[in-house]
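Taking it in order: structure first as structure tokens, then the write-up.
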Amino acid sequence: MTPPADTVRYKNHRFPGEIISHGVWLYYRFTLSYRDVQALLFERGITVSYEAVHQWCRKFGQDDANRLRRRRPQPGDKWHPDEVFLTINGERHYLWRAIDQDDNVLDILVQSRRNKHAAKKFFRTLLKGLNLCAMRHHYGSTQELWRGATGDPARSGTPSESVSQ
């Protein structure tokens, strides 16, 4: 949602900080155009030009994005893979998900053919970018991760039920 407005950041602007931060949030969160943000704010009774929205996004956008990124929950230290069979347009696909102990999805991979080697390589790159030492502490090795060594029989590495979309 919209980050809290800091009164010092928005000093000497025509509109209050809440309106500016909401306009910037709308632009980046929903990938709208400046004119779309202008129209949405106009529906709420705020008359602002699209040039002003453009200037707000250039001035405050990166800082707001950094604050939202810091508020995002951090992944847990215990991960496991999950495989789901999907039917998309009548064809079977394979969805691999990396999930932590709090059931947060860290990353996904969709394949048209079941290729376990490619899925391992994909998640190995994920592990390099995140907290690899914590994962190795829990699992002992990457191979145990793929054998389903989570201790939870419900997550033993077996494919889940087929899901249609």
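Every read-out reported here was derived from the displayed coordinates using simple, explicitly stated rules and does not represent laboratory data. The model shown is predicted, which means the values in this text are computed figures rather than measured ones. Cβ: placed from backbone, ideal geometry, glycine included. Neighbour counts: every protein chain shown.
Using the Karplus curve 6.51 cos²θ - 1.76 cosθ + 1.60 with θ = phi - 60°, work out ³J(HN,Hα) for each residue of the range 9-26 in order, rounded to whole Hz, and write x for Gly and Pro.
Working through the residues one at a time gives 4, 9, 5, 6, 10, 5, 9, x, x, 5, 5, 5, 5, 5, x, 5, 4, 4 Hz.
List the residues, sorted by chain then number, that are 5 or more residues from Asp77 or on another chain and whose placed amide H is less than 5 Å from its amide H.
Gln101
Suppose R0 equals 45 Å; then what is the FRET efficiency for Glu43 and Lys121 from their Cβ-Cβ distance, rounded to the nearest 0.05?
Details: r = 48 Å, r/R0 = 1.06.
Given R0 = 45 Å and the Cβ-Cβ separation, E is 0.40.
Which ³J(HN,Hα) values, rounded to whole Hz and listed in residue order, are derived for the range 32-41 from phi using the Karplus coefficients 6.51, -1.76 and 1.60 in 6.51 cos²θ - 1.76 cosθ + 1.60 with θ = phi - 60°, glycine and proline given as x?
Values per residue, Gly and Pro as x: 8, 7, 4, 5, 5, 5, 4, 5, 5, 5 Hz.
With label points built 7 Å along Cα→Cβ from the Cα atoms of Asp102 and Arg35, find their separation and express it in nm.
So the label points at Asp102 and Arg35 sit 4.2 nm apart.
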